[in-house]
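See below for the structure under consideration.
The values are calculated or read from the model by the stated rules, or taken from the named source; none is laboratory data. Keep in mind it's a predicted model, so treat the numbers as computed, not measured. With ideal geometry, Cβ positions are generated from the backbone for all residues, glycine too; neighbour counts draw on all protein chains shown. For the accessible areas, the whole protein counts, side chains as well, though only heavy atoms, and no ligand, DNA or RNA atoms are used. Shrake-Rupley method; radii C 1.70, N 1.55, O 1.52, S 1.80 Å.
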Amino acid sequence: MGDVLAGFQTVWEFDTDSVLIRFERGIRTPKLLQALGERRIPYEALSAVEVTPGKRGTVVLRAVPRPGADPLMDAADGQLKDGGDPYRLVLPAERGTLAEYYAEEIRTALGPAADTPAESYLVAAPTPPLSFKAYDGKASFDGKAVSFRWFWTGASSAKWKAGDQRFRVDELSGVEWHSPESKGAGSGSPKQGRSGYLRLLEHGAENGRPDAAGAGTGIGRARTGSGAGAADRAAAERAGAATRPDQDPAAVVFGLGYGLVHESLPFAAAVLEAVRTTSPALSAGRARSAARPGRRDPADIADRIRHLGELHTAGLLTDDEFSSKKAELLAEL
């Protein structure tokens, strides 16, 4: 088509086989859209396009992506607010006729597979390397592996016991991202309130996670009848804790002030794209890597040993656990 349609904070540039969506920088532009910068959306990645009345004298032109076509939208899983939806173009109401015209042009360009899920990603995810600081650790992705490095000020004792984590892409089956802005946010909450999380789902694990303390097997489920004993209740508590993101070494927890949506969601999309494009034959049956390349900062090792000592003194680590973990850290020097 070769035309340009400019709206509030967003511009759509139409081509014969795609639309280039550019997001302007500015105070009113949501940070997620600013972080994305621009995105080229092939028409084959769309299932529909619609025009609806907007707020305060506006009209909204919105493209609807096919399931499985865009890793960003797959990771978001319907949790984005309207203002952060990268497929929306808000226009003055008097441009409604023009919006209808372009909507019809896009509908004409949709392919025969528009009503079916895409077999592969058709929209590019942000390019690694990527990283963001969560409440309990720093997440990094270099294109081949995801690393979690825990912060002693925010990480739970369960994560400190497990140590820093590294997951190869071919060991993963997916990514679970939960926005701190969505309804129901708050599992494993940071101190400032509502929280979200990014969890890596591993191959061969129940619900994508290692089966810890009977979680997912029925072993740890609480019984409410008179036959429920202390052992059953303790097992249920352990099972519940094992599924919480703040206790799961395969997850980082973040809130409105730690690991914002505009940092964590593009990160999740990049990992998801890498996971989907990795050959399943390479990932089947492999366990999580424990390798931690490179030499560590001695000051960092000292801080971690000091924190382990505090956990040991508080009774959260046994003598054997403390000695074993201390030896692992010293071996990294």
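For the range 44-59, a residue qualifies if it is without any contact (Cβ under 8 Å) to a residue 24 or more places away in the chain and under 21 Å from residue 104 (Cβ atoms), and exactly one does: 52. Right, residue 55: within 24 Å of residue 270 (Cα to Cα), charged (D, E, K, R) and surrounded by fewer than 17 Cβ atoms within 10 Å (Cβ to Cβ) or not? Spelling it out, it is not the case that residue 55 is within 24 Å of residue 270 (Cα to Cα), charged (D, E, K, R) and surrounded by fewer than 17 Cβ atoms within 10 Å (Cβ to Cβ). Among the residues of this structure, residue 117 counts as one that is of a type outside the set (Lys, Arg), open to solvent by 50 Å² or more (accessible area, probe 1.4 Å), out of contact with any strand residue (DSSP E or B) (no Cβ under 6 Å at 6 or more places or on another chain) and at pLDDT 95 or above.
Can you confirm whether residue 74 is of a type outside the set (Gly, Ala, Ser) and closer than 23 Å to residue 130 by Cα? Judged against the criteria, residue 74 is a match. Within the range 98-110, residues that are charged (D, E, K, R) sit with their Cβ atoms under 7 Å from residues that are open to solvent by 60 Å² or more (accessible area, probe 1.4 Å) and modelled with pLDDT under 95, at 6+ positions apart or across chains, in these pairs: 105/1. Across the range 1-25, what is the number of residues that are open to solvent by less than 60 Å² (accessible area, probe 1.4 Å) and on the phi > 0 side of the Ramachandran plot? The number of residues fulfilling the criteria is 1.
For the range 313-323, filtering for residues that are within 33 Å of the chain's Cα centre (by Cα), modelled with pLDDT of 70 or more and open to solvent by 60 Å² or more (accessible area, probe 1.4 Å) leaves 1.
Here is the figure for the range 58-112: residues that are within 29 Å of residue 277 (Cβ to Cβ) and acidic (Asp, Glu) total 4. How many residues, within the range 5-43, are under 25 Å from the mean Cα position of the chain (by Cα), touching a residue at least 40 places away in the same chain (Cβ under 8 Å) and under 21 Å from residue 75 (Cα atoms)? So the answer is 13. Note on the range 66-95: residues that are of a type in the set (Asp, Glu) and buried (at least 19 other Cβ atoms within 10 Å of the Cβ) total 2. The set of residues in the range 245-301 that are modelled with pLDDT under 55 and assigned to a helix (DSSP H, G or I) comprises 280, 281, 282, 283. Where strands (runs of 3 or more DSSP E) fall entirely within the range 44-104, those with at least 1 residues that are among the basic types (Lys, Arg), touching an Asp or Glu at 6+ places or on another chain (Cβ under 6 Å) and within 13 Å of residue 21 (Cβ to Cβ) are at 58-65.
Considering only residues that are of a type outside the set (A, V, I, L, M) and open to solvent by 10 Å² or more (accessible area, probe 1.4 Å), which ones fall in the range 33-52?
34, 37, 38, 39, 40, 42, 44, 47, 50, 52
When residue 159 is tested against the conditions (1) surrounded by fewer than 19 Cβ atoms within 10 Å (Cβ to Cβ); (2) at pLDDT 95 or above; (3) outside any loop (DSSP other than H, G, I, E, B), the lone failure is (1). Residue-level check: of (1) buried (at least 18 other Cβ atoms within 10 Å of the Cβ); (2) of a type in the set (Phe, Trp, Tyr); (3) more than 13 Å from the chain's Cα centre (by Cα), residue 152 misses just (1). Say whether the condition of being among the β-branched types (Val, Ile, Thr), open to solvent by 40 Å² or more (accessible area, probe 1.4 Å) and in contact (Cβ under 8 Å) with a residue 40 or more places away in the chain is met by at least one residue in the range 165-174. No, the conditions are met nowhere in the range 165-174.
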